[in-house]
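Notes follow the structure.
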Amino acid sequence: MFDLPAQRAHLAEKFDLTPSPELAASMSDIYARMSRVVSPADWAIYAPYVKAINDLKAERNAVILGHNYMTPEIYHGISDFVGDSLQLAIKATEVEADVIVQCGVHFMAETSKILSPEKTVLMPDMEAGCSLAESITAEGIAEMRRRYPGAPVVSYVNTTAEVKAASDICCTSSNAAQIVAAMDSNTVIMTPDQYLAQNVARDVPQKNVVWWEGSCIVHEQYTAQDLRDFREWNPGTRLIAHPECPPDVVAEADFSGSTSGIIKYVTDEQPEKAMLITECSMASNIADALPQVDFVGPCNMCPYMKKITLEKVLYALDTMTGQVEVDPDVAEKARLSVQRMIDLSRKLGI
Ligand code: SF4
């Protein structure tokens, strides 16, 4: 359990974390990347944490991998690499650092550890889970194999190491359709996201895609009627949905793609108004780079991703607590599933 008062007391003893407009002004190059969405007053609060974390990173030979759903002060302030799950998984294999701090959720840190067992992988809050990862166990995979004998199991990276170990190959939302299409079987089992699987089934009609009934608590909340209403009230807005949304939501959208696919689409298209039907921080993180795009509409926040804060990152890096460990036998099997995905993605040029 995260003991916030004790950790705050520890940080207050070791670091000067007093809000500082002067320090904030001296770090204006970093602030320029988030000035549209973070107020100067908030930046004065964040700046001492950002400086302390960046200094400690150098001391520890650490890198921070930041998911696209991190808040802007984490995404722009302290992350060395940002991206979607696939990009971060690949980056974990490439970085030379001794320590990886995973600013994302637990399964991402496990994936980094699986791929880089020699590195220390830190999770700033062990309770940053994921509704998808929690929806299935290795026994669930065994049950699907019993139901569909001989069919390969493609599991989303949003799964525990045990589930990855029990699967044949992993996928992310950016490569799921291509991975399923490349399977040497007519029937393909997809776990644990039923909506990603249904969206893939539409895009890969030559396969009989069957799925586990998990879902993401952020994306399942959107409805097709929400999108129709929003389009009526805000004509001209480009609606852009993540494929973890239900298929009728994706069908109502102008574009659907992974978080990196969404960034590329908005960057290439530069629509006047855009509504990102995904986690809230996505729009915030790209707002400054795209000043001519007006990001509008409601969004849903991931309570797991939002457990990661500057304070917790600083504490983890200072005390080297929150080290992620994976049983070596499980890790070996899970690594095969993730590595098969990375190799196939490279081969397919994704
Ligand atoms: S946004 Fe959804 S899939 Fe991503 S971590 Fe949160 S609950 Fe899991």
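The values are calculated or read from the model by the stated rules, or taken from the named source; none is laboratory data. This one's a predicted model, so the numbers in the text were calculated from it and none came from an experiment. Reconstructed Cβ throughout: ideal geometry from the backbone, glycine too, with neighbour counts over all protein chains shown. What goes into the accessible areas is simple: the full protein's heavy atoms, side chains included, and nothing from ligands, DNA or RNA. Shrake-Rupley method; radii C 1.70, N 1.55, O 1.52, S 1.80 Å.
Each residue in segment 266-292 was checked for being in a loop (DSSP other than H, G, I, E, B) and closer than 19 Å to Gln198 by Cβ, and 1 of them qualify. Among the residues of segment 246-265, how many are at pLDDT below 95 and in a strand (DSSP E or B)? Qualifying residue count, segment 246-265: 0. When restricted to residues that are open to solvent by 60 Å² or more (accessible area, probe 1.4 Å) and among the small types (Gly, Ala, Ser), segment 235-260 contains 2. Among residues of segment 206-234 that are of a type in the set (D, E, K, R), those with a beta-carbon under 6 Å from a residue that is open to solvent by 20 Å² or more (accessible area, probe 1.4 Å) and within 16 Å of the ligand (Cβ to nearest atom) at least six positions away or on a different chain give the pairs Glu213/Gln194. Among residues of segment 277-289 that are closer than 22 Å to Asp248 by Cα and without any contact (Cβ under 8 Å) to a residue 60 or more places away in the chain, those with a Cβ under 6 angstrom from a residue that is part of a loop (DSSP other than H, G, I, E, B) and among the hydroxyl-bearing types (Ser, Thr, Tyr), sequence gap 6+ or separate chain, pair up as Ile277/Tyr222. Screening Gly66 on (1) on the phi < 0 side of the Ramachandran plot; (2) out of contact with any Ser or Thr (no Cβ under 7 Å at 6 or more places or on another chain) shows it passes everything except condition (2). Specify the residue that is farthest from the ligand (Cβ to nearest atom); the eligible residues are those in segment 87-106 that are open to solvent by 10 Å² or more (accessible area, probe 1.4 Å) and at pLDDT below 95. Top of the filtered list is Glu96.
Quick grid of which residues meet (1) within 16 Å of the ligand (Cβ to nearest atom); (2) free of Cβ contacts under 8 Å to residues at least 40 places away in the same chain; (3) under 21 Å from Asn54 (Cβ atoms); (4) surrounded by fewer than 19 Cβ atoms within 10 Å (Cβ to Cβ):
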| site | (1), (2), (3), (4) |
| --- | --- |
| Ile74 | yes, no, yes, no |
| Arg146 | no, yes, no, yes |
| Ala166 | no, no, no, no |
| Cys171 | yes, no, no, no |
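A Cβ distance below 6 Å, combined with a sequence gap of six or more or placement on separate chains, defines the contacts here; from segment 149-161, residues that are in contact (Cβ under 8 Å) with a residue 60 or more places away in the chain and open to solvent by less than 10 Å² (accessible area, probe 1.4 Å) reach residues that are within 16 Å of the ligand (Cβ to nearest atom) and part of a strand (DSSP E or B) in the pairs Ser155/Cys170; Ser155/Thr191; Val157/Cys170. Summed over segment 284-318, residues that are within 16 Å of the ligand (Cβ to nearest atom), surrounded by 20 or more Cβ atoms within 10 Å (Cβ to Cβ) and of a type in the set (A, V, I, L, M) total 2. The single condition from (1) more than 13 Å from the ligand (Cβ to nearest atom); (2) within 18 Å of Ser85 (Cα to Cα) that Thr160 fails is (1). Apart from one condition, Gln221 fits all of (1) within 25 Å of Ile342 (Cβ to Cβ); (2) modelled with pLDDT of 95 or more; the exception is (1).
Against the test of being open to solvent by 10 Å² or more (accessible area, probe 1.4 Å) and farther than 30 Å from Gly140 by Cα, the options Glu232, Glu220, Glu213 yield a single qualifying residue, Glu232.
Restricting attention to segment 82-108, the residues that are within 23 Å of Ile179 (Cβ to Cβ), without any contact (Cβ under 8 Å) to a residue 60 or more places away in the chain and in contact with a strand residue (DSSP E or B) (Cβ under 7 Å, 6 or more places away or on another chain) add up to 4. For segment 196-210, the tally of residues that are within 16 Å of the ligand (Cβ to nearest atom), surrounded by fewer than 20 Cβ atoms within 10 Å (Cβ to Cβ) and of a type in the set (A, V, I, L, M) stands at 0.
Hey, could you check segment 261-276 for residues that are without any contact (Cβ under 8 Å) to a residue 24 or more places away in the chain and loosely packed, with under 15 Cβ neighbours inside 10 Å and say which is farthest from the ligand (Cβ to nearest atom)?
To start, the set of residues in segment 261-276 that are without any contact (Cβ under 8 Å) to a residue 24 or more places away in the chain comprises 262, 264, 267-268, 270.
Of the ones still in play, those that are also loosely packed, with under 15 Cβ neighbours inside 10 Å are 264, 267-268, 270.
Working: Lys264: 19, Thr267: 21, Asp268: 24, Gln270: 26 Å.
The residue in question is Gln270.
More than 16 Å from the ligand (Cβ to nearest atom), surrounded by fewer than 24 Cβ atoms within 10 Å (Cβ to Cβ) and of a type in the set (A, V, I, L, M, F, W, C) - does that describe any residue in segment 116-135? Outline the logic, then answer.
So in segment 116-135, the residues more than 16 Å from the ligand (Cβ to nearest atom) come out as 116-122.
From the residues that got through so far, the ones that are surrounded by fewer than 24 Cβ atoms within 10 Å (Cβ to Cβ) too are 116-120.
From what's left, of a type in the set (A, V, I, L, M, F, W, C): none.
No, because not a single residue in segment 116-135 is more than 16 Å from the ligand (Cβ to nearest atom), surrounded by fewer than 24 Cβ atoms within 10 Å (Cβ to Cβ) and of a type in the set (A, V, I, L, M, F, W, C).
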